[in-house]
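Worksheet: one structure, shown below.
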Amino acid sequence: MKSNHLIRDHTSSAQKAGAAKEELSEAILVTAALLAGDAYAHMVNLIESNGE
């Protein structure tokens, strides 16, 4: 789980640097996709290790 204060600090820094809401939204969606990919890989390993 990511720390809320880190998310808040990075969001604030990005906004001060001129990032648009759309860019922040895209960053969140890319991060979610990357994390989902990792979870999927672990699921595949679990299934394979159980011989299913």
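Could you tell me which trypsin sites (Lys or Arg not before Pro) in the chain are loop residues by DSSP with no more than 15 other beta carbons within 10 angstrom of their beta carbon? Display every interim value, and only then the final one.
Working: sites: Lys2, Arg8, Lys16, Lys21; in loops: Lys2.
Filter output for the chain: Lys2.
Return P(r) of the chain (all Cα-Cα pairs; 5 Å bins starting at 0; whole %; ordered from short to long distances).
For the chain, the binned pair fractions read 4, 17, 17, 18, 13, 9, 8, 6, 4, 2, 0 percent.
Read-outs: derived from the displayed coordinates by stated rules, not from any lab. Computed from a predicted structure; not experimentally measured. Reconstructed Cβ throughout: ideal geometry from the backbone, glycine too, with neighbour counts over all protein chains shown.
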